[in-house]
Amino acid sequence: MKEIKDLEILENICMSNYTSYKTGGIAKYLVYPNTIESLIELIKYIKNNNIKYFILGNGTNIIFTDDFYDGVVINLKKLNNLLVSKNIICVSSGYSLQKLVSITIEKNLSGLEFAAGIPGTVGGAIYMNAGAYGSAMADIIDEVTYLENDEIKTKKREELEFGYRESCFKNNKNIIILSTKIKLKPSNKKEIQDTIKEYTEKRIKTQPLEYPTAGSVFKNPDNISSGALIEHKLNLKGHNVNDAYISTKHANFIINKGNAKSEDIIRLIKEIQREALEKEGINLELEQEIIK
Ligand SMILES: Cc1cc2nc3c(=O)[nH]c(=O)nc-3n(C[C@H](O)[C@H](O)[C@H](O)COP(=O)(O)OP(=O)(O)OC[C@H]3O[C@@H](n4cnc5c(N)ncnc54)[C@H](O)[C@@H]3O)c2cc1C
């Protein structure tokens, strides 16, 4: 791997520094490709040598287990091109969603206001069709370019199987999202800023942003929100496993009060799921992803 050009390779990296829960064990390698060509070479090398790998965005929707990760964590943050042409933006997957929101304000473009406060990368947001306040990535994406088995391909929005926190990328771990073209609407800066202000105030009021979390833990089941279910039906608000707590501010958030391990978060998740099934007959589906 070290012979591949334009790769930055870090060894024995503590993943708690790269996840928003601030938990996770040591990964053997953390690799930053500086170009798409070096990413392609890296993937070839990994596949030829049967090495395990994982594509890391900003680590804000994952629970990286505490065990040693004997493989390569690939981070695409160095692939962060951006091109704005009128109301069309072409942006690489490693680009920060928050930075992109700032660009849209600067350029008076509306459509991405919902993403203010979602701390991931563009790639991570596409992968799980991130959304809030009634909008999601699927509403603004025109097409996505990705790498699949050494081949660069592009698909239009209609082909991407977007749904509630779903996309075709979730079902195919061989795919690496490279970039996207999004279409926004020309608008008025003040209106965009006012909407973002309103959403941000709501987040501050309702979410435990002062603690390490990874956003909503579970998808909402039919007819009730996961937060209401956990708080009012299961009475689990404030319940904990060691330093992993169900937030008292928002019951669909698990917070790390300091020394939680991924194992504690996973145990707490399983307890909530067991209670939901036993008491309410509801199968709570995880929105976050456990990486082993
Ligand atoms: C405080 C807080 C608030 C949040 N609010 C929201 C919210 O309102 N709405 C919402 O939907 N989410 C929310 N989240 C969750 C999270 O920020 C989003 O899901 C975000 O889109 C994840 O992006 P990421 O870059 O951090 O992805 P990661 O967590 O790093 O990865 C998530 C998955 O995406 C895959 N992935 C990432 N990049 C690529 C790529 N280039 N190609 C292929 N696969 C890739 C990873 O392999 C992994 O499977 C919140 C999180 C926090 C901490």
Let me confirm something: among ILE43, ILE63, which residue is open to solvent by less than 60 Å² (accessible area, probe 1.4 Å), out of contact with any Ser or Thr (no Cβ under 6 Å at 6 or more places or on another chain), of a type in the set (Val, Ile, Thr) and in contact (Cβ under 8 Å) with a residue 12 or more places away in the chain? ILE43
Show me the strands (runs of 3 or more DSSP E) entirely contained within the stretch 62-108 in which 3 or more residues are more than 20 Å from the chain's Cα centre (by Cα). 82-85
May I ask you to verify whether GLU287 is at pLDDT 95 or above, out of contact with any Pro (no Cβ under 8 Å at 6 or more places or on another chain), charged (D, E, K, R) and closer than 18 Å to ILE118 by Cα? yes
Given the structure, is LEU82 aliphatic (A, V, I, L, M), within 16 Å of the ligand (Cβ to nearest atom), free of Cβ contacts under 8 Å to residues at least 40 places away in the same chain and open to solvent by 50 Å² or more (accessible area, probe 1.4 Å)? yes
Do we have SER96 as among the hydroxyl-bearing types (Ser, Thr, Tyr) and either in contact with a helix residue (DSSP H, G or I) (Cβ under 8 Å, 6 or more places away or on another chain) or within 16 Å of the ligand (Cβ to nearest atom) (or both) here? yes
Which ones in the stretch 114-143 are touching a strand residue (DSSP E or B) at 6+ places or on another chain (Cβ under 7 Å), more than 9 Å from the ligand (Cβ to nearest atom) and assigned to a strand (DSSP E or B)? ILE141, ASP142, GLU143
Quick one: count up the residues across the stretch 261-292 that are closer than 16 Å to PRO212 by Cβ, within 15 Å of the ligand (Cβ to nearest atom) and in contact with a Ser or Thr (Cβ under 6 Å, 6 or more places away or on another chain). 1
So ILE88, is it aliphatic (A, V, I, L, M), under 23 Å from ALA136 (Cβ atoms) and either open to solvent by 30 Å² or more (accessible area, probe 1.4 Å) or free of Cβ contacts under 8 Å to residues at least 60 places away in the same chain (or both): yes
Out of all the residues in the stretch 207-223, is one or more touching a residue at least 24 places away in the same chain (Cβ under 8 Å), open to solvent by 30 Å² or more (accessible area, probe 1.4 Å) and not in a loop (DSSP other than H, G, I, E, B)? no
Taking the stretch 150-193 and keeping residues assigned to a helix (DSSP H, G or I) and surrounded by 12 or more Cβ atoms within 10 Å (Cβ to Cβ) leaves ARG157, CYS168, PHE169, LYS170, LYS189, GLU191, ILE192, GLN193
Restricting attention to the stretch 95-108, the residues that are surrounded by fewer than 24 Cβ atoms within 10 Å (Cβ to Cβ) and either in contact (Cβ under 8 Å) with a residue 12 or more places away in the chain or among the β-branched types (Val, Ile, Thr) (or both) number exactly 9
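The values are calculated or read from the model by the stated rules, or taken from the named source; none is laboratory data. Since the model is a prediction, treat every value here as computed from it, not as a measurement. All Cβ positions, glycine included, derive from the backbone under ideal geometry; neighbour counts span all protein chains shown. Heavy atoms of the whole protein, side chains included, go into the accessibility calculation; ligands, DNA and RNA do not. Shrake-Rupley method; radii C 1.70, N 1.55, O 1.52, S 1.80 Å.
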